[in-house]
Amino acid sequence: TPKPTERVFILPPASQIGPVTAEQRQALLKNSLVAGVYEKTLDRESAFEKLTGRTSERAGSEASTSGDADQSSSAKTTSKDAQAENNSGGLLGSLGGLLGGGGGSSRSRASPMEQLLKSAASSIGREVGREIIRGVLGGIMGKSRRR
């Protein structure tokens with residue numbers, strides 16, 4: 001059913017057409033709620049700077065403890081690197097890394113090739129598991145065979 005219309009009062013927007021003058025800009029900046037807050041530039045220490053500072057402090061403290069320790073620590077790190085290369089597993093180790101094995105990588109995202117290999121391995125594993133379950137349950141349940 002139709003209803004009678006009512007009078008509504010609408011305020012026009014408080015804007016202007018054209019650029020703001022320099023005096024208007026200064027008045028707006030002075031009366032702003034955030035005046036003086038964003039004018040200060042802060043150069044905070046980033047996480048990268050903190051981490052490099054920690055490692056340089058550790059390296060400096062290790063170097064200052066003993067001069068002979070430097071030679072033995074460098075020998076230890078080279079032997080650790082050699083052990084890491086030997087423990088990588090060669091071809092099988094690289095395949096394990098591609099399929100999501102430990103590998104020691106700290107990457108958070110997999111490359112498209114790694115994603116493809118993971119998807120294929122997952123799909124194959126699901127199919128093999130499904131067939132095994134069907135075979136086992138079929139044997140247990142004893143399907144009736146009509147001859």
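Assorted remarks:
- Contacts under 9 angstrom Cβ, first residue in the stretch 31-58 being open to solvent by 100 Å² or more (accessible area, probe 1.4 Å), partner not in a loop (DSSP other than H, G, I, E, B), 6 or more apart: GLU45/GLY53
- Here the helices (runs of 4 or more DSSP H) wholly within the stretch 36-141 that include at least 3 residues being over 30 Å from GLN26 (Cβ atoms), at pLDDT 55 or above and touching an Asp or Glu at 6+ places or on another chain (Cβ under 9 Å) are 47-65.
The values are calculated or read from the model by the stated rules, or taken from the named source; none is laboratory data. Here the structure is a predicted model, which means the values were calculated and not measured. Using ideal geometry, Cβ is built from the backbone for each residue, glycine included, and neighbour counts are taken over all protein chains shown. Keep in mind that these areas ignore ligands, DNA and RNA; they rest on the heavy atoms of the full protein, side chains included. Shrake-Rupley method; radii C 1.70, N 1.55, O 1.52, S 1.80 Å.
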